[in-house]
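Engineer: Structure provided below as C-alpha cells; questions to follow.
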Amino acid sequence: MEIGSFTIPGHATKRKWAVYIFKAVPHNSDEIIQLYVGKVGDNRAGCNPVISRVGNHFSHNKIHSQIRNKIKTPEEYDYEYFYCHFDEYDEDCPERSETRERVNELERELNRKVQEKIENVKQVELLNPLKGTGYLARSKKEHRAQLLDLEEKAILQQLVNNAF
C-alpha cells in the first residue's frame, strides 16, 4: 500500500486559456524523458482548468488521455507540468473564436520552441511534434504571424526554459 500526497496551487484551478509542457521523467535513467505540448480550451467550446487537463492525461478514456496513450506504463515515470495562463475564458464572449485561434497559435509556437530546444538532445523526445507539413494559404500564414506579440513569444521561451 502506498500513501502519497501532492500540492495543487490555487491558480491551477482557474478557468483560463493556457498552454503547457508536460514532462515525463522515467524512473530508469537509461530511458528517454518524454514531453507533450498542449493547451486548455478545445477547438469547439469549453475551457477547463489546467489541473483538470493534467488528470485527463491519465484517464482511461482514449480521447482525453494523450499521455496514457503514448506512455504505456505511466506509473514508471514522474511528471512535471509547466504552464502559463494567457486569457480569461468567457463563455458568452463573441470574440471567443478569435481567442481560441490565438491560443492555438500559442500552442503551435510553444511546440516549435520545444523542438528547437531539444533538437540535439538525445535523452528527450517530444511525443507530439508539430510537423507543419500541410498546405496553408499565404493569407492564413500571414494572419497567424500577427496573432502573437514579442512579449508572448518571450513568455513561451521562458516556459520552455523553466521546463529544462
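The values are calculated or read from the model by the stated rules, or taken from the named source; none is laboratory data. This is a predicted model, so every value here is computed, not measured. All Cβ positions, even for glycine, are placed from backbone atoms using ideal geometry, and neighbour counts span all protein chains on display. Each accessible area value is taken on the protein alone, full model and side chains, heavy atoms only, with ligands, DNA and RNA left out. Shrake-Rupley method; radii C 1.70, N 1.55, O 1.52, S 1.80 Å.
Engineer: What's the number of the only condition in (1) buried (at least 17 other Cβ atoms within 10 Å of the Cβ); (2) closer than 24 Å to ALA145 by Cβ that VAL54 fails to meet?
Structural biologist: Condition (2) is where VAL54 drops out.
Engineer: Condition (residue is in contact with a Leu (Cβ under 6 Å, 6 or more places away or on another chain) and either without any contact (Cβ under 8 Å) to a residue 12 or more places away in the chain or open to solvent by less than 40 Å² (accessible area, probe 1.4 Å) (or both)) applied to the stretch 1-19: is it met by at least one residue?
Structural biologist: Residues of the stretch 1-19 that are in contact with a Leu (Cβ under 6 Å, 6 or more places away or on another chain), as a first pass: 19.
Among the residues that remain, those that are also either without any contact (Cβ under 8 Å) to a residue 12 or more places away in the chain or open to solvent by less than 40 Å² (accessible area, probe 1.4 Å) (or both) are: 19.
Yes, the stretch 1-19 contains at least one residue that is in contact with a Leu (Cβ under 6 Å, 6 or more places away or on another chain) and either without any contact (Cβ under 8 Å) to a residue 12 or more places away in the chain or open to solvent by less than 40 Å² (accessible area, probe 1.4 Å) (or both).
Engineer: Scan the stretch 97-115 and tell me whether some residue there is of a type outside the set (A, V, I, L, M, F, W, C), more than 18 Å from ALA18 (Cβ to Cβ) and modelled with pLDDT of 95 or more.
Structural biologist: yes
Engineer: Considering the stretch 20-51 alone, what residues qualify as being part of a loop (DSSP other than H, G, I, E, B), of a type in the set (D, E, K, R) and either more than 20 Å from ARG96 (Cβ to Cβ) or in contact (Cβ under 8 Å) with a residue 60 or more places away in the chain (or both)? First the steps, then the outcome.
Structural biologist: As a first pass, look at the stretch 20-51 and keep what is part of a loop (DSSP other than H, G, I, E, B): 27-32, 41-49.
Then drop every residue that is not of a type in the set (D, E, K, R), which leaves 30-31, 42, 44.
ASP30, GLU31 - these are the residues of the stretch 20-51 that are part of a loop (DSSP other than H, G, I, E, B), of a type in the set (D, E, K, R) and either more than 20 Å from ARG96 (Cβ to Cβ) or in contact (Cβ under 8 Å) with a residue 60 or more places away in the chain (or both).
Residue by residue, here is whether (1) touching a residue at least 12 places away in the same chain (Cβ under 8 Å); (2) among the acidic types (Asp, Glu); (3) assigned to a helix (DSSP H, G or I) holds:
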| site | (1), (2), (3) |
| --- | --- |
| ARG100 | yes, no, yes |
| VAL103 | yes, no, yes |
| ARG108 | yes, no, yes |
| ARG112 | yes, no, yes |
| PRO129 | yes, no, no |
| GLY134 | no, no, no |
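Engineer: Which of the residues belonging to the stretch 117-152 are open to solvent by less than 90 Å² (accessible area, probe 1.4 Å) and more than 25 Å from GLN66 (Cα to Cα)?
Structural biologist: Matches in the stretch 117-152: LEU136, ALA137, SER139, LYS140, HIS143, ARG144, ALA145, LEU147, LEU148, ASP149, GLU152.
Engineer: Conditions first: (1) open to solvent by 30 Å² or more (accessible area, probe 1.4 Å); (2) more than 17 Å from the chain's Cα centre (by Cα). PHE86 passes all but one, so which condition is the exception?
Structural biologist: Of the numbered conditions (1) open to solvent by 30 Å² or more (accessible area, probe 1.4 Å); (2) more than 17 Å from the chain's Cα centre (by Cα), the odd one out for PHE86 is (2).
Engineer: Kindly indicate the residue of the stretch 138-157 that is part of a helix (DSSP H, G or I) and either touching a residue at least 40 places away in the same chain (Cβ under 8 Å) or in contact with a strand residue (DSSP E or B) (Cβ under 9 Å, 6 or more places away or on another chain) (or both) and also nearest to LEU110 (Cα to Cα) among those meeting that condition.
Structural biologist: If we filter the stretch 138-157 for residues that are part of a helix (DSSP H, G or I), which is where we start, we get 138-145, 150-157.
Narrowing the set further to residues that are either touching a residue at least 40 places away in the same chain (Cβ under 8 Å) or in contact with a strand residue (DSSP E or B) (Cβ under 9 Å, 6 or more places away or on another chain) (or both) leaves 152-153, 155-157.
Numbers: GLU152: 10, LYS153: 8, ILE155: 10, LEU156: 6, GLN157: 8 Å.
The extreme case among them is LEU156.
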